[in-house]
1. Sort 261, 214, 59 so the one with the fewest other Cβ atoms within 10 Å of its own Cβ comes first.
2. Once you wrap a convex hull around the alpha carbon atoms of region 52-249, what is its projected area averaged over all directions, in nm²?
3. Using a 10 Å cut-off around each Cβ, can you sort 257, 217, 69 from fewest to most neighbouring Cβ atoms?
4. When a footprinting reagent is the concern and you count Cβ atoms within 10 Å, what order do 134, 168 take, fewest first?
5. Would you mind computing, in nm to one decimal, how far apart the modelled labels at residue 63 and residue 32 are, each placed 7 Å from Cα along Cα→Cβ?
6. Report the Rg/Rh value for region 116-224, based on alpha-carbon coordinates and the Kirkwood definition of Rh.
């Protein structure tokens, strides 16, 4: 086959173009730190990247759910703790008032404190987290205790997905604590404290009920604590999964910078050699001699 000057020139220019493109890719990898910037450069890497990024995003969503779950449970535990403290104070006051030596004015003061403690427990029952009432089942937009002290507790479960297919209850059933006749007990106790006809023995009969409500609070806190422990284990597991997912995603997408620099240096040398060879191949034209 006859090789013409035109063919040599065309091949030389084509090789230079390819060399220049390889230089461009390596320079792009160096500046972006990524193996590819367009899916067309390597569809396999691109599709794998979409899958890995989706997995990472899902893990991060689960981590956000865990954060919300922890806030919900911490708010629940705190409200139950404060309510338990209030009930323990009610027990102290009831024990004091059960003593017949207390005068009318002293029992009136105790009745007033019991009323305030009842209102405080009502405030705890109306605890909100991110604008949601946490002690009213799935009725998170409705206060379970109204301004008049009337109660209407829901018992639906609020669940959150913390891992793929793993849902855990976030809320506490208020009927086990606040809704178990608690406010009636406190209101009746206050009323009897203000009633001079009620003896110390009558007041003392409330101690069993108060103790029962305290136990309800303690038992519910224990149940919440058990779920908190599980959530913390899930949080730790998600953290490990996130690290692994990001490592896999990085291995798939991120360029090996040391290798890129080495390849770029090599390609620059190759490109210079190609330019030099092309300069010799592309001979001067007759017009160049006539100038």
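1. Details: 261 14, 214 18, 59 21.
Final ranking by Cβ density, sparse to dense: 261, 214, 59.
2. Here the figure is 11.8 nm², rounded to one decimal.
3. Details: 257 11, 217 26, 69 23.
Going from sparsest to densest Cβ surroundings: 257, 69, 217.
4. Numbers: 134 24, 168 18.
The order, fewest Cβ neighbours first, is 168, 134.
5. 2.5 nm
6. Over the Cα atoms of region 116-224, Rg/Rh equals 1.07.
Here, each number is a calculation from the coordinates, and none is a lab measurement. Owing to the predicted nature of the structure, the values given are computational and were not obtained by experimental measurement. Positions of Cβ are backbone-derived with ideal geometry, glycine not excepted, and every protein chain shown enters the neighbour counts.
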